[in-house]
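Readers should treat all values here as calculations from the given coordinates under stated rules, not as data from a laboratory. The structure displayed is predicted, hence computed values, not measured ones. Cβ coordinates were reconstructed from backbone atoms using ideal geometry, including for glycine residues, and neighbour counts include every protein chain displayed.
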Amino acid sequence: MFDQRQIGRREILQTVGGTSASLLMGSATGMWSFATAAQKRPKIAAAITEFTFRSHAHVILENFLEPYYFNGQLTDPGVDVVSFYIDQFPGDRDMSKDVAAQYGIKIYPTIEGALCQGGSTLAVDGVLSIAEHGNYPVNEKGQRQYPRKRFFDEITAVMKRSGRSVPLFNDKHLSYRTDWSQEMYDTTQQLKIPFMAGSSVPLAQRRPPLELPDGVEIEEAISVHGGPLEAYDFHSMELLQSFIESRRGGETGVSQIQFLAGEDVWKAADQGLWSADLAEACLDAELGPKRPPLRKFIEPGRKDIIPSHAILLTYRDGLRAVILRVGSNDFRWDFGCRLKGEQKPRATSLYVGPWRNRNLFKALSHAIQSHMITGHAPYPVERTLLVTGMLDAAMQSRFQQGKKLGTPQLHTSYAATDFRAMREMGASWKIITEEMPEPKGINPGGPRK
């Protein structure tokens, strides 16, 4: 039986380039925590659109305010959240005021105030930008116009004026506009801001285990989800990228995208534009062979067939991939691929833990904390830059009734990194089980302070 703690410590050292800047340290209480050479706990500001039960602000920050389980080890976050900016307060559903009072966190009326803690210069060591959930408009393409770019601009303006850059995490994709996302990326490069972004899904437990070796030749790949348009297509794209980015030749970008819906999804499969057997392998990994048929898939407990949609992707190196929405299960996250020289697909289903997707954010929170402490993102932000553009192009194709679009703007190249140290391998779900009732409020499932 392997020692999960030893693997985690070793891989964290590899992740940060072999330095001893950050590692998991044990204590007499059995709790594990990040530690730095100076033993300084970074102070963190959080800019938030909405803080309500099960919002991203809730499920991320509860792992910053209390010890949480990661790979079966009770873990101290190693950082202190000291200030909030809240964009919207949705009446009785708002949690921010109660949480702020409980943990001694001040809510400021501006992002600048939260970062400067009421002063005139940057007074924190890291920033969380959590711009997901809230009452924001949807444009004609079906994109929710969350203010991620506005948050980013206000955050980086403080850093630039203060002459000091600190680690920044941007929840989910960078923006609903490709040009804005590129501008955000370029700004972090110019100001030397350690930048991390993206999805929680790639860090979930893989059941059955599936590891693709570096430099593998992939002929075709698929990522399957069961959630809503755009918001969950993003997660599915990031899941796809997290597997295929280490293929032979590295990531060089996407040359063509097409959005299909309803019967056009299955017509494209019949025409050989994507391989249905990859989707079959994914659903087998998730549900077993005694599941409803793919093309007439009815979610257990429902009586109706939910129309599917698909996003066909052609990469610059010739790889074909598809994002497929099947059913209505918002914690369906499956991946499959066919390797060169193999007929049988390889597939896995990512298990998010109990309480639907809430515990999925423990591993993401752990990765963010590593980023805040070390100043090194555990995986390339270029992954999210590329996926942001892929999602924007897919929504444009949908708006144009499924038109096939060339994507010269998506010629994004980057090298993959080994991020296994940040993944949940399953030991936490022996402690937090499906039988445990989901708690209210700030309670990530472990003993409270």
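For the Cα atoms of the chain, what angle does the longest principal axis make with the long axis of helix 231-244, in degrees from 0 to 90, nearest 10? Taking Cα atoms only, the helix is inclined about 80 degrees. Summarising the strand pairing of the chain, around 60 percent of its internal DSSP beta bridges are antiparallel.
Working out 0.36 nm times the residue gap between Arg420 and Lys290, then minus their Cα-Cα distance, what length gain in nm do you get to one decimal? Walk me through the numbers on the way to the answer.
Numbers: separation 130, 0.36 × 130 = 46.80 nm, distance 3.17 nm.
Gain on extension, Arg420 to Lys290, equals 43.6 nm.
Largest first, the three principal axis extents of the alpha carbons in the chain are 62, 50, 46 Å in whole numbers. Sequence-ordered 3J(HN,Hα) estimates for segment 310-318 from the Karplus curve with 6.51, -1.76 and 1.60 and θ = phi - 60° stand at 9, 10, 8, 10, 10, 8, 5, 8, x Hz, glycine and proline given as x. Rounded to whole numbers, the Karplus 3J(HN,Hα) couplings from phi for segment 92-100 are 5, 7, 5, 9, 4, 5, 5, 5, 4 Hz, using 6.51 cos²θ - 1.76 cosθ + 1.60 with θ = phi - 60°, and x at Gly and Pro.
Counting helices only, and only those DSSP H runs with n ≥ 4, report the 222 nm mean residue ellipticity of the chain as the sum of -39,500 (n - 2.57) divided by its residues, in deg cm²/dmol to the nearest 500. Walk me through the numbers before you get to the answer.
Values: 11 runs with 132 residues, N = 449.
Helix-only estimate at 222 nm: -9000 deg cm²/dmol.
Which trypsin sites (Lys or Arg not before Pro) in segment 36-108 pass both tests, a DSSP loop state and at most 14 other beta-carbon atoms within 10 Å? Sites meeting the loop and neighbour criteria: Lys40, Arg54. Cβ crowding within 10 Å ranks Tyr108, Tyr176 as Tyr108, Tyr176, fewest other Cβ atoms first. Amide H contacts under 5 Å for Glu299: Ile306, Ser328, restricted to partners 5 or more places along the chain or on a different chain, H placed in the peptide plane at 1.01 Å from N.
Work out, step by step, the length gained on full extension between Thr433 and Arg150: first 0.36 nm times the residue separation, then minus their alpha carbon distance; give nm to one decimal. Intermediate results must be reported in sequence, preceding the final value.
Details: separation 283, 0.36 × 283 = 101.88 nm, distance 3.92 nm.
Additional length available on full extension: 98.0 nm.
The GluC sites (Glu not before Pro) of segment 109-209 that DSSP puts in a loop, and whose beta carbon has at most 15 other beta carbons within 10 Å, are Glu140. For segment 44-61, 3J(HN,Hα) computed residue by residue from phi via the Karplus equation (6.51, -1.76, 1.60; θ = phi - 60°) reads 10, 9, 10, 9, 10, 6, 8, 10, 10, 4, 6, 5, 4, 4, 5, 6, 8, 5 Hz, glycine and proline entered as x. Where the alpha-carbon atoms of segment 207-351 are placed on the principal axes, they occupy 45, 30, 28 Å, in descending order. Note on Leu229 and Phe399: their simple-model spin labels are 1.2 nm apart, each label 7 Å out from Cα toward Cβ. Here's how it looks for Trp333: its modeled amide H is under 5 Å from those of Leu350, which are all 5 or more places away or on a different chain. For segment 374-449 and segment 272-330, what is the separation of their Cα centres, given in Å? Here the two parts' Cα centres lie 19 Å apart. So if we plug the beta-carbon distance of Lys97 and Gln409 into 1/(1 + (r/R0)^6) with R0 = 60 Å, what FRET efficiency do we get, rounded to 0.05? Efficiency, rounded to the nearest 0.05: 0.90.
Hey, with R₀ at 22 Å, roughly what FRET efficiency would Lys440 and Arg356 work out to, going by the Cβ-Cβ distance, to 0.05?
Values: r = 15 Å, r/R0 = 0.66.
The formula returns an efficiency of 0.90 here.
Within segment 285-394, the GluC sites (Glu not before Pro) that combine a DSSP coil assignment with at most 15 other C-beta atoms in a 10 angstrom radius are Glu342. Extension gain, Ile306 to Val138: 0.36 nm times the residue separation minus the Cα-Cα distance gives 58.3 nm.
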